[in-house]
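Take a look at the structure below.
The values are calculated or read from the model by the stated rules, or taken from the named source; none is laboratory data. Keep in mind the model is a prediction, meaning the values are calculated, not measured. Cβ coordinates were reconstructed from backbone atoms using ideal geometry, including for glycine residues, and neighbour counts include every protein chain displayed. Note: accessible area is taken over every heavy atom of the protein model, side chains too, but ligands, DNA and RNA are not part of it. Shrake-Rupley method; radii C 1.70, N 1.55, O 1.52, S 1.80 Å.
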Amino acid sequence: MLRLIVTTLCLWCLTDAVWAQNQINGVRAAPSGDKTRLVFDLGAAPEYTYFSLSNPDRLVIDLVDTRDDQDLSTADISGSLVRKVRYSTPKNDHSARVVVELARKATPSLFPVEPNGSFGHRLVVDLLDSEPPQSLQVVAPSVVLNTDNNSRDRDIIVAIDAGHGGKDPGSIGRAGTYEKHITLSIAKYLEEMVNAEPGMRAVMTRSGDYSVALNKRPEIARKSKADLLISIHADAFTAPGPRGGSVWVLSMRRADTELGRWLERTEQHSELLGGAAEVISDNASERYLAETILGLSMDHSMSTSYDLSQKVIKEMRSVTKMHKSSPQAASLAVLTAPDIPSILVETGFISNPQEEKNLNWSTYRKRLATSMFEAIKSYFRQVPPDGTLWASQKALNRQHKVRSGESLSLLAQRYNVKISSIKKANNLNGDTVRIGQVLTIPRT
Ligand SMILES: [Zn+2]
């Protein structure tokens, strides 16, 4: 418990102290034969991660604690392999994302270089050309670093809301566990997973132990143009008995049923999301669910939330018992952004001694985050938002209807893709496919 608090505080201080320390001073290119070398001149030693994307071929480099406000339009980048170097939307306020657009596939190798003579810190990017030009060509400088963030391969943005924080501890367990610490820890695990996934980016409504007003939270999601808002909580009850997770679909819609009005009154009074917990014990919530969720006038973001909630429940079942086996509905206007599908995950009852113990175990919290992440991926694989990398990749996928005698390994061979890629694209757990099943065959 104590260690958790200390860790949280220190992480917060640390990120504040080293805010965007590094900067890009310039970029140069030197094509030679089958290799093109890009050199980024930096203010300090770089901390970075990178990944490659295809269709079109790109190398994406994320630089930690680096400003992306440096004007590099005068950069001299010429050659037949590198088409353009530009910024893209960074993972967070403190980092820079650089996209190297390539004319064709290239194998990247990145390494930092220490200051030497008149040169400062550098990040060297060697790109090994997959099809080097046969003869030397004269190529006009094409350059340029533009700051176009609206490329058609934008990231899917997942807003993660760690419930409570600061002077609001949320529910408190019998052994003294604060909900606010549990929610932040799970949120951070989820953030890490989302950010490691190409084409996805996380936005946190809070990243430390401080208060964020309830109505500020959806505003953060809205401002960052989030495709989804997922709010993480832990339940509590007056008795130690109740246990298990539940998933709530959040709606802006004003309920016009008697129960709906009662719900809204409850929220006004408690003004906290914890108010949702009270509804769980009420059987009438099932009726409310039927009326609002399954009603004919179900709006888009709510049906999206409902689909996603079902997936979260399915994934969470492998980690924890579920208190409710179907998504619950709540008209928690304070935590809902119109048009952004929003769900609230109650990860368990902190008031139940066994679940409090579980929630205090980091592996368990990580498992919960993984189950949410798997559900999010599975959902966006099916319906990637327009303009995202996932949408353009889906457009490239093929469909295959399984016929008698066909197996995964046979299909993998025929389409020249890995079995694991087919399984991933279709969210398959086992190795069996059934006749008539329609499979998505990825291009890569
Ligand atoms: Zn809560």
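So if we plug the beta-carbon distance of A239 and A196 into 1/(1 + (r/R0)^6) with R0 = 45 Å, what FRET efficiency do we get, rounded to 0.05? Display every interim value, and only then the final one.
Numbers: r = 40 Å, r/R0 = 0.89.
Once rounded, the FRET efficiency stands at 0.65.
For S54 and R403, FRET efficiency with R0 = 30 Å and r from the beta-carbon atoms, rounded to 0.05?
Numbers: r = 29 Å, r/R0 = 0.98.
Calculated value: 0.55.
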With r defined as the distance between the Cβ atoms of E47 and K424 and R0 fixed at 30 Å, what FRET efficiency is calculated, to the nearest 0.05?
0.55
The simple spin-label model distance between D71 and E219, using points 7 Å out along Cα→Cβ, in nm, is 3.3 nm
Once amide H atoms are placed 1.01 Å from N in the peptide plane, what residues at a sequence separation of 5 or more from I441, or on another chain, have their amide H within under 5 Å of its amide H?
R398, Q399, H400
Karplus-derived 3J(HN,Hα) from phi for segment 213-220 (6.51 cos²θ - 1.76 cosθ + 1.60, θ = phi - 60°), whole Hz, x at Gly and Pro, runs 4, 4, 6, 6, 4, x, 5, 4
When we measure straight from the Cα of K35, which lysines land under 18 angstrom away, once same-chain ones fewer than 8 places off are left out?
K84, K105
Whole angstrom only: what separates the Cα centroid of segment 172-221 from the Cα centroid of segment 397-444?
36 Å
Mind checking the per residue accessible area of segment 332-444 for me, 1.4 Å probe, whole number of Å²?
47 Å²
Taking 0.36 nm per residue of separation and subtracting the Cα-Cα distance, what length does fully extending R317 through Q354 add?
11.7 nm
Set of lysines with alpha-carbon distance to K324 below 17 Å, sequence-local pairs under 8 removed:
K311, K314
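Once you keep just the Cα pairs under 8 angstrom separated by 6 or more residues, what percentage relative contact order results for segment 397-441? Working shown, then result.
Numbers: 47 pairs, mean separation 28.3, N = 45.
The value is 63 percent.
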Can you compute 3J(HN,Hα) from phi for each residue in segment 409-422, using the Karplus curve 6.51 cos²θ - 1.76 cosθ + 1.60 with θ = phi - 60°, rounded to whole Hz and x for Gly and Pro?
5, 5, 5, 4, 5, 4, 8, 6, 10, 6, 4, 5, 5, 5
Of the accessible area of segment 20-135, with the probe set at 1.4 angstrom, what percent is carbon plus sulfur?
46 percent
Find how much the distance from L396 to K167 grows on full extension, using 0.36 nm per residue of separation minus their present alpha carbon separation; answer in nm with one decimal.
77.5 nm
Once you put a point 7 Å from the Cα of D386 and another 7 Å from the Cα of D34, both along the Cβ direction, what distance in nm separates them?
4.4 nm
Return the distance in nm (one decimal) between the two label points of a simple spin-label model at N25 and V438, each offset 7 Å from Cα along Cα→Cβ.
5.7 nm
Accessible area of segment 305-444 belonging to carbon and sulfur atoms, whole % at 1.4 Å probe:
47 percent
